[in-house]
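Presented below is the structure to which this report refers.
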Amino acid sequence: MDTPNFFTFSSDPGWRSFVAIVIYALVLLVIGSYAFILLIDPYDNLSYSPDLERQPVDEIQRLFHPALARKAQFDSAIIGNSNIRLLQPQQLNALLEGDFVNLGMDAASSWEQQRMFNVFVHGREKVNNVIFGLDYLWCYTEYADEKFVGANTVEGFPEWLFDERKDNDFPPLNLQTLEHAWLQLLAVTGAWVSPYGTDGYHVFTGPMSEYNLDKARQNIYGSLSPRKKAAVVPPVKLSEKARRNLISPALKRLQAMMDELPAETKKVLIFTPYHRYYQAEPGSRREIIWHDCKQHVAKLAQEYENAYVIDFMIDSSITSEDNNYWDYKHYNVEVAKLLGELIAQVVEQGTDDSRYRVLHPESF
């Protein structure tokens, strides 16, 4: 019995017709899938797509927050990484008289934060408030030139969503984009409610019903029992030249962003409240870095009208309570609400409080 081979099948008219049908079907499937993506425009980035009430449908802020940053309805923004993502726009709207959008991105470098800020301010006639969340990425020199930190890579940063070019706005054709288009369709038709807010707000830490103090302490201390922070003895001493070299070049990005804002804009720079145990050890090199960084930011802010520097990264009733935190730097929603109130307290009333320091050059 003769064994069939490829050439036997390929010469058969029925086989050739079947192959042609499969190829045509695959081509139509690809074309149809991409047409569906362009029609739904899941990232709200195409100028000619239908006017739909799109919203974030995934937790990937780099894909969905650029569209929020461009929305004309917002006149105020929160810029930073995960340390400020729990600040609530609706709360701040009433406290600071603005229409806020939270543009925080997980593990965002200072470079990425500046890119998001640029998207927000580009072509915007009015900016009422901008809150900047400052942490180690702004103060440690080794991260100043890093475009991506943590789990982020150049492949994970969608340049086409952040630039102002129109010739590269087409989203990629892949399973992720197709999934996002499908979820966007469900969202705009009301068949599914996205948990991600149209003002950028999302409780990414999880509900407090799932909070576990033992797990939080393990994340904070590396043990189930609280530990005391040991001072460095003898304390580290550095020359003036060495200390100047510790000022992070990333702060030039902060200055560039401040330069973009009108004088009447309220510019609020907050050092986010790390848990006390994770703050710098007394007498350490890290303590010098933080001291000088805060001083530099205070001097920088003095050059601008309506600029406020609020230091929550101190030993306080906020940072000393373990049950305020999920880990060493991510606080809970109640602390976030309190931070909003305290920020407004400084900006609107100029009130002092033991839970923060308002920084001026003379504070040091």
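The values are calculated or read from the model by the stated rules, or taken from the named source; none is laboratory data. The structure presented is a predicted model; accordingly, all values stated were derived computationally and were not measured. Please note: Cβ atoms are built from the backbone with ideal geometry, for glycine as well, and neighbour counts cover all protein chains shown.
Filter segment 121-131 down to residues that are surrounded by fewer than 24 Cβ atoms within 10 Å (Cβ to Cβ) and in contact with a strand residue (DSSP E or B) (Cβ under 8 Å, 6 or more places away or on another chain) and give me whichever is farthest from Met257 (Cα to Cα).
Per the stated criteria, the residue is Asn128.
Could you identify the single residue in Glu164, Glu210 that is acidic (Asp, Glu), touching a helix residue (DSSP H, G or I) at 6+ places or on another chain (Cβ under 9 Å) and either modelled with pLDDT under 95 or loosely packed, with under 14 Cβ neighbours inside 10 Å (or both)?
After applying the criteria, what remains is Glu164.
Among the residues of segment 213-245, write down those that are surrounded by 10 or more Cβ atoms within 10 Å (Cβ to Cβ), in a loop (DSSP other than H, G, I, E, B), in contact (Cβ under 8 Å) with a residue 12 or more places away in the chain and not β-branched (Val, Ile, Thr).
Those that are surrounded by 10 or more Cβ atoms within 10 Å (Cβ to Cβ), in a loop (DSSP other than H, G, I, E, B), in contact (Cβ under 8 Å) with a residue 12 or more places away in the chain and not β-branched (Val, Ile, Thr): Pro226, Arg227, Lys229, Ala230, Ala231, Pro235, Leu238.
State all residues of segment 311-328 that are crowded, with 20+ Cβ neighbours inside 10 Å and under 30 Å from Lys237 (Cβ atoms); if no residue qualifies, say none.
Within segment 311-328, Asp311, Phe312, Met313, Thr319 meet the criteria.
Among the residues of segment 54-71, count how many are in a loop (DSSP other than H, G, I, E, B) and either touching a strand residue (DSSP E or B) at 6+ places or on another chain (Cβ under 8 Å) or in contact (Cβ under 8 Å) with a residue 24 or more places away in the chain (or both).
Of the residues in that region, 7 qualify.
Residue-wise test of (1) in the same structural domain as Tyr136 (by TED's automatic domain parsing); (2) crowded, with 18+ Cβ neighbours inside 10 Å; (3) of a type in the set (Asp, Glu).
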residue	(1), (2), (3)
Ile23	no, no, no
Leu28	no, no, no
Pro50	no, no, no
Pro56	no, yes, no
Leu63	no, yes, no
Ala67	no, yes, no
Leu92	yes, yes, no
Val101	yes, yes, no
Ala107	yes, no, no
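Restricting to segment 258-279, name every residue that is touching a Phe, Trp or Tyr at 6+ places or on another chain (Cβ under 8 Å), closer than 26 Å to His122 by Cα and surrounded by fewer than 20 Cβ atoms within 10 Å (Cβ to Cβ).
Residues satisfying the conditions are Met258, Glu260, Leu261, Ala263.
Would you confirm whether any residue within segment 211-219 is closer than 30 Å to Asn45 by Cβ and acidic (Asp, Glu)?
no
Just checking, does segment 40-48 include any residue being in a helix (DSSP H, G or I), more than 22 Å from the chain's Cα centre (by Cα), closer than 20 Å to Thr177 by Cα and modelled with pLDDT of 95 or more?
yes
Checking Ala191 against (1) in contact (Cβ under 8 Å) with a residue 12 or more places away in the chain; (2) part of a loop (DSSP other than H, G, I, E, B): exactly one of these is not met. Which one?
Ala191 satisfies all of (1) in contact (Cβ under 8 Å) with a residue 12 or more places away in the chain; (2) part of a loop (DSSP other than H, G, I, E, B) except (1).
Do the conditions hold for Phe74, that is, is it touching a residue at least 12 places away in the same chain (Cβ under 8 Å), closer than 14 Å to His202 by Cβ and of a type in the set (Phe, Trp, Tyr)?
No, not satisfied.
Check off (1) of a type in the set (Phe, Trp, Tyr); (2) surrounded by fewer than 20 Cβ atoms within 10 Å (Cβ to Cβ); (3) assigned to a loop (DSSP other than H, G, I, E, B) for Tyr308 and give me the number that stays unchecked.
For Tyr308, the failing item is (3).
Only one of these conditions is not met by Glu146: (1) part of a loop (DSSP other than H, G, I, E, B); (2) without any contact (Cβ under 8 Å) to a residue 40 or more places away in the chain; (3) exposed (fewer than 14 other Cβ atoms within 10 Å of the Cβ). Which number is it?
Failed condition: (3).
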